[in-house]
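Derivation of every value follows stated rules applied to the coordinates shown; laboratory data play no part. Worth saying up front: this structure is predicted, and the values here are computed from it rather than measured. Positions of Cβ are generated from backbone atoms using ideal geometry, with glycine treated the same way; all protein chains shown enter the neighbour counts.
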Amino acid sequence: MKRSDRPAKSAPAPKPAAKARAASAPAAKAPAAKAPAAKASAPKKAAGLPVRRAIVGLLGGIGSGKSTVSEAVARRVKASILDADAFAREALDVCARDGRLADALGSWAVNADRTPNRKAIAAKAFDQASVLRALERLTHPAVTARIEDAIEDHRMGKGAPILMLDVPLLIEVGLDRRCDALWFVDAPDEVRFARARARLKLTPDDVRKREAAQAPLDRKRARADVVLDNGGSLAALEAQVEAALRTLGA
């Protein structure tokens, strides 16, 4: 499936999905024999959701709810979720242990136990472009390699049918061209800032500094095939996610 450059549109509201009925355990046939315990079954996929393979790139600002969308997808279909931030954290851990982080940034960037001084690194990286570029040179090759390997495996038919790419620099590094669809997760700034403060301990200024190092939100939204409004309830978002999944199977 190839994505087209059509204007972004909000996902249509779907019809309510039928609720899966819990399977009851078989009754015991004799007092001496206990009935086998019922095994927990995976949630049933709603009728009409896609079975075709697709790569979905997630776009949106900090605190918009991209991870929430990924989780909603995984509850409905078999999906693999690639979290580039998690990959970057793991890559930075390796660089701290093998000495490359101290060589690139200085001894201040590594704690006594050879773990990254993440608080100090974040404080400098988004104030000093040279520090951010050095950090990216350290971590991006490993992160990109893992993502490219996952994409190639997916194209070869391996793994879950849906591959979700949660990559902050998706457009900047050209991974948007490897996707079959782009979804933009939208939320008002005040909602995003509140989530960032609660979950990431970031102030609004911290959020703005980090987003300044990425493509503008307007550009991300313009590139999207589907816009998901995550400014309301979780139920409303999940209804939009299900509708968006249906477009992948069309």
Work out how much length A129 to D98 would gain on full extension: take 0.36 nm times their residue separation and subtract the Cα-Cα distance, in nm to one decimal.
-> 8.8 nm
So what are the three principal axis dimensions of the range 138-233 from its Cα atoms, in whole Å, longest to shortest?
-> 42, 34, 24
Residue pairs, from the table K158/K201; K124/K201; K78/K124; K78/K209; K66/K124; K119/K158, whose Cα atoms sit over 28 Å apart | K158/K201; K78/K124; K78/K209; K119/K158
The residues H140, H154, sorted from fewest to most surrounding Cβ atoms within 10 Å, come out as H140, H154
Which of T115, T68 comes first, and how do the rest follow, when ranked by fewest Cβ neighbours within 10 Å?
-> T115, T68
Can you sort T247, T203 by how many other beta carbons sit within 10 Å, fewest first?
-> T203, T247
